[in-house]
1. Please compute the modelled spin-label separation between N121 and N64, points set 7 Å along Cα→Cβ, answer in nm with one decimal.
2. What lysines could a cross-link reach from K59, if we take a straight Cα to Cα line under 16 Å and drop same-chain neighbours fewer than 8 places away?
3. Please return the longest range in the chain lying between exposed loop sites, taking chymotrypsin sites (Phe, Trp or Tyr not before Pro), DSSP loop only, at most 12 other beta-carbon atoms within 10 Å, and leaving the sites out.
4. Spin-label point model (7 Å from Cα, Cβ direction): what's the K111 to H86 distance in nm?
5. Longest exposed-loop-site-free stretch of the chain, with GluC sites (Glu not before Pro), DSSP loop and at most 11 other Cβ within 10 Å?
6. Taking the simple approach of a point 7 Å from Cα along Cα-to-Cβ for both N261 and I212, what is their distance in nm?
7. Once a ≥ b ≥ c are taken as the square roots of the eigenvalues of the Cα gyration tensor of the chain, is the result rounded (a/c under 1.5), prolate (a/b larger than b/c) or oblate (a/b not larger than b/c)?
8. Mind listing the long-range amide H neighbours of G217? Cut-off is under 5 Å, sequence gap 5 or more, other chains count too, H placed in the peptide plane at 1.01 Å from N.
Amino acid sequence: MLPVGVWIDRSVNKRLCSGVLFTRFVYLARMKIALIGYGKMGRAIEEIALAGGDEIVLKVGLENLEDFTVENLQQAAVAIEFTDPHSAVANIKKCFDAGVPVVCGTTGWLKELEAVKTYCNEKNGAFLCASNFSIGVNLFFALNEYLAALMNKHSEYEVRVEEVHHTQKKDAPSGTAISLAEQILENIKTKKSWVNSETGNAEELEILSKRIGDVPGIHAVKYNSPTDFIEITHAAYNRKGFASGALLAAKFIAGKKGIFNMKDVLGL
């Protein structure tokens, strides 16, 4: 087995750096991961990572915050952060301080995104955040953007976004719903802003949020006219799709420098 951190590229056959084989398509043979946040998502990521032969070298939850140090982070090739909006920024910056690429799935803190990007560049770090790591949701984003561009010419259709999540979700609307809404605002010129409620203002895009049971996530974009309606929906069966996508993002960013998103990961 190749040592941790050795990059393999199967597209060319040449050796560099003391016999290490490099290629165009890169991945880590066995990745060392730090999990920042060890709730339901952290555990789902751990299960898939271990099944795939990766190693969890650090797990940080509320019960062991004292272990969240730069020294412990530096054992990892990449960190995956799923915590809460109040601690995410500090957690991300600590990863940059440690020189460890970080994938962040926490939502609700994006007003500070530009400051985080600036800090990442100052530290010559690597950062990838997404409102949703599910491959299906990211394909759904592409579909939503395309449909919104088509619907811009048809003012008889009124559009709104609906989202349903489990009762433990702390932010509303969801980050995914906000991403969907921002795509719509970019393409449908009659809409100027979004609101997290019903509205009688034709320039405002409604996002309606519900919190029910243990629902992993349902997102719908609905276009309604006096004669018919069009609806696109993504529903998650469980958290495995989010966890798998976060791991895919981690494997993509490990060893890189810069700021990335899921479009980079999926080539969209």
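1. The answer from the label model is 3.7 nm.
2. K32, K40, K94
3. Values: sites that count: F25, Y237.
Longest run free of exposed loop sites: 26-236.
4. Placing both labels 7 Å beyond Cα along the Cβ direction yields 1.5 nm.
5. Values: sites that count: E156, E198, E203.
No qualifying site falls inside 1-155, the longest such stretch.
6. The two pseudo-label positions are separated by 3.0 nm.
7. Numbers: a/c = 2.17, a/b = 1.74, b/c = 1.24.
Since a/c reaches 1.5 and a/b is larger than b/c, the shape of the chain is classed as prolate.
8. Distant-sequence amide H within range of G217: A236.
Quick note: the coordinates plus some simple rules give every number you see, no bench work behind them. What you see is a predicted model, and the numbers here were worked out from it, not measured in a lab. Methodologically, a virtual Cβ is constructed for each residue, glycine included, from the backbone with ideal geometry; neighbour enumeration extends over all protein chains shown.
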